[in-house]
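Presented below is the structure to which this report refers.
Each reported figure results from applying straightforward, stated rules to the coordinates on display, with no laboratory input. All values reported here derive from a predicted model rather than from experimental measurement. Cβ placement follows ideal geometry from the backbone for every residue including glycine, while neighbour counts extend to all protein chains displayed.
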Amino acid sequence: MAVEKSYEEINERIKQGKAVVVTAEEIIDLVKEKGVEKAAREVDVVTTGTFGTMCSSGAFLNFGHSKPRIKMNRAYLNGVPAYAGIAAVDAYIGATALPESDPENRVYPGRFLYGGGHVIEDLVSGKQVKLEAFGYGTDCYPRQHIESWVTLEEINDAILFNPRNAYQNYGVAVNSSNKTIYTYMGVLKPRLGNVSYSTSGQLSPLINDPCYRTTGVGTRIFLGGGTGYVAWHGTQHNPSVSRGENGVPLDGAGTLALIGDLKQMSPEWLRGVSYAGYGASLAVAIGIPIPVLNEDILLSCTVTDEDIYAPVMDYSFAYPQRVSEELGQVSYAELRSGSITIQNKEVPTTPLSSYAKARQIAQILKSWIAEGNFLLTEPVQALPSMDAGITMNNLEEKKNNR
């Protein structure tokens, strides 16, 4: 008899402290031991996690009114420009924003760059941040300049809103040229000197929900150490990319727009980062629960690093020219082994996302749910998706043929 559960049933078990919750790592061995049907009956939720640089991130801030009032049209936080074309004292600080004294054309290797991501980390760390703003003066907003120090506690509202996070998969970066290049994938050494990759593989949220069956608008998640929600599909969301027989995309595919209360969050899980020769950004922690509503959903959660492939891209070409036909696809198992072979050369690999932190996020979310402190939400709208052709038969056949 097929396994069928509802969000209501699972949430009732969570409230009673009876829910069985495992991480996306733990479910792999559990299914091997008990089989899909038995595991689907026993397990209620699978937790995932990822922690890495996510440039398309930032925060909406409302500072409250000064006396006399000001209508900000230019605002700076620790010298980093924030977009103030919203309302009188609202601003949006983007993770990659740089001080005007450090414009992008002066970014060079070896120089630490303080940017919007660091401002966000300083705020959640409880530090004072210098606010300077300028207005043009009106009858209702006569003030033209303000300079003050603010903390996250003093700010009226602080909303983390990230337009594009949690890429489902991502290309692997190499450099075949004769010079070192500096990119958002890190420093790439010449003549295939290193390999840079991102995402947390078998722990990655959208890898475990490849067709977005349970992840949609309104899904409650772990975000930056607090609680957040999926607000919409992310920018550049493209579910139509090629997929393997297990439904896992062979390139970026899905992305998520995320929202949450910055005042709940922690500097451990929102970290400003600086990339040599590129700029500043923000490392974001995300954990998404997957309710085990049926066997198909559970089976998708048994994906392993051996099942997940990404294209190898040469960043020395006019980016983002793809040369996967020449350099091929590589599995996350190979990437996590520490080296891969490209053109008969063994090349060391370096992750841009932390697998150890992803594992920790999945465990924290697991404990929140198991302790009854985190209920699941059913999406109010599905994310744009393509039929990936996933069936129980072809997934089980792949497992059995290993």
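General observations
- Calculated SAXS-style log₁₀ I(q)/I(0) at q = 0.07 Å⁻¹ - the chain, Debye, Cα scatterers: -0.36
- Packing-based exposure ordering (other Cβ within 10 Å, fewest first) of ILE155, ILE259: ILE259, ILE155
- Per residue Cα convex hull volume in Å³ - calculated over segment 49-94: 99
- Since only THR214, LEU365, MET1 are under comparison, the one whose Cα sits farthest along the positive direction of the charge dipole of the chain, derived from C-beta charges on Lys, Arg, Asp and Glu, is LEU365.
- Gyration tensor (Cα) of segment 166-210, equivalent ellipsoid semi-axes in angstrom: 27, 8, 7
- Backbone phi angles across segment 89-100, fed through the Karplus curve with coefficients 6.51, -1.76 and 1.60 (θ = phi - 60°), yield HN-Hα couplings of 10, 9, 8, 10, 9, x, 4, 9, 4, 10, x, 5 Hz in residue order; Gly and Pro are listed as x.
- Per residue, the chain reaches -5000 deg cm²/dmol at 222 nm when only DSSP H runs of four or more residues are counted, each adding -39500 (n - 2.57).
- Under the criterion of Cα pairs below 8 Å and six or more residues apart, the relative contact order for segment 54-207 equals 25 percent.
- Ratio Rg/Rh, restricted to segment 97-256 and using Cα atoms, in which Rh is the Kirkwood radius: 1.06
- Three principal axis lengths of segment 338-380 [C-alpha, angstrom, descending]: 52, 25, 13
- Note: segment 17-119, Cα convex hull, 199 Å³ per residue.
- Mean-position separation - Cα centroids, segment 37-105 and segment 4-19, in angstrom: 34
- Put a plus charge on the Cβ of each Lys and Arg, a minus charge on the Cβ of each Asp and Glu, and nothing anywhere else: the dipole of the chain about its Cα centre is then about 940 debye.
- Between THR50, GLY94, TYR141, the Cα set farthest toward the positive side of the dipole of segment 1-145 (charges on each charged residue's Cβ, about the Cα centre) is that of TYR141.
- For the peptides 248-256, 2-10, the ranking by mean Cβ contacts within 10 Å, running from highest to lowest, is 248-256, 2-10.
- Normalised contact order of the chain, rounded percent, pairs of Cα under 8 Å and 6 or more residues apart: 25
- Between the residues MET386, GLY79, ASN62, the greatest Cα displacement towards the positive end of the dipole of the chain, with unit charges on the Cβ of Lys, Arg, Asp and Glu, is found for GLY79.
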